[in-house]
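A.B. asks: This is the structure I have questions about; it appears just below.
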Amino acid sequence: YEEAKEAYQRAVEIKADESYPVDRITEIDALLASREEQRQLEENYANALARGESLFANKEYEQAKSEYENALTLKPSEQLPADKIAEIDGILAELARKRETEAAYNAAIQQADAFLAEEDLYAAKESYSEALNLKANDQYASLKLEEVNGRIADFERMQAMEENYNASISKAEQ
């Protein structure tokens, strides 16, 4: 196109009154501008994807999503950015669920520890069980629940012995 443009420019120098070479120069300029615009779009799209991939690899999901959204804005018909946005949305939802579970677990443990400190063994048992429902393989909650169950068993044994003693005394006094 550059050679053609130069040739048309020479033609204008020869015949300045002719509109045909001027029109062709204008068309070539528009075509070259369109090509540059397309090249810039492709470059911006590729850069947004590359930044998104890098941020995604570093687990900076919010920023990565923003870059993929930028890429999708540049090329709305491309599937890759849409797929990555959906993937990130899934990851963010899972992370939020894990944070909620962790917060609920911590609250249950804190409550159970407080009940245990107050010697409210049945309430402690319920709260440690709740914590284990949230984190099934948690060692701390398992050990504490085992401890509480042992203390409850000891308490119930002592209570049964006390009841037997009182029954024996009552019977003897009749």
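The values are calculated or read from the model by the stated rules, or taken from the named source; none is laboratory data. Predicted model only: the values in this text are computed from it and were never measured. Glycine also receives a Cβ, built like all others from the backbone with ideal geometry; neighbour counts cover every protein chain displayed. Each accessible area value is taken on the protein alone, full model and side chains, heavy atoms only, with ligands, DNA and RNA left out. Shrake-Rupley method; radii C 1.70, N 1.55, O 1.52, S 1.80 Å.
A.B. asks: From the phi angles alone, apply the Karplus equation (6.51, -1.76, 1.60; θ = phi - 60°) to the stretch 33-47 and give each ³J(HN,Hα) in whole Hz, x where the residue is Gly or Pro.
C.D. replies: So the Karplus estimates, Gly and Pro as x, are 5, 5, 5, 5, 4, 5, 4, 5, 4, 4, 5, 4, 4, 4, 5 Hz.
A.B. asks: Let me check something: with ligands and nucleic acids excluded, how do LYS171, LYS84 order by accessible area (1.4 Å probe), largest to smallest?
C.D. replies: LYS171, LYS84
A.B. asks: Quick one: the Cα spread of the chain along its three principal axes, in angstroms, biggest first?
C.D. replies: That works out to 139, 22, 22 Å along the principal axes.
A.B. asks: Mind ranking THR26, THR73, THR101 by accessible surface for me, highest first, 1.4 Å probe?
C.D. replies: Of THR26, THR73, THR101, the descending order of accessible area is THR73, THR26, THR101.
A.B. asks: Oh, and also: Tally up the carbon and sulfur contribution to the accessible surface of the stretch 1-148 as a whole percent, 1.4 Å probe, everything protein left in place.
C.D. replies: Carbon and sulfur atoms account for 50 percent of the accessible area of the stretch 1-148.
A.B. asks: Hey, can you grab everything whose amide H is under 5 Å from the amide H of LYS75? Only 5+ residues off in sequence or another chain; H modelled, so Pro and N-termini drop out.
C.D. replies: none
A.B. asks: List, in order, the whole-Hz ³J(HN,Hα) value for each residue of the stretch 56-61 obtained from phi through the Karplus relation with A = 6.51, B = -1.76, C = 1.60 and θ = phi - 60°; use x for Gly and Pro.
C.D. replies: Calculated HN-Hα couplings, in order: 4, 4, 8, 6, 9, 5 Hz.
A.B. asks: Convert each backbone phi in the stretch 82-97 into a coupling constant with the Karplus relation 6.51 cos²θ - 1.76 cosθ + 1.60 (shift: θ = phi - 60°), then list the ³J(HN,Hα) values in order as whole Hz, x for Gly and Pro.
C.D. replies: The phi angles translate into 5, 5, 5, 4, 5, 4, 5, 4, x, 5, 5, 5, 5, 5, 5, 4 Hz.
A.B. asks: May I pose another question? Have a look at ILE109, PRO76, TYR8 and report the one farthest towards the positive end of the charge dipole of the chain, computed about the Cα centre with Cβ charges (Lys/Arg +1, Asp/Glu -1).
C.D. replies: Farthest along the dipole direction, towards plus: ILE109.
A.B. asks: Can I ask one more? Using a Cα distance threshold of under 22 Å, what count of lysine pairs results for the chain when pairs must be 8 or more residues apart or interchain?
C.D. replies: 12
A.B. asks: Return the tail of the calculated pair distribution for the stretch 21-115, meaning the percent of Cα-Cα pairs more than 22 Å apart.
C.D. replies: Of all Cα-Cα distances in the stretch 21-115, 54 percent exceed 22 Å.
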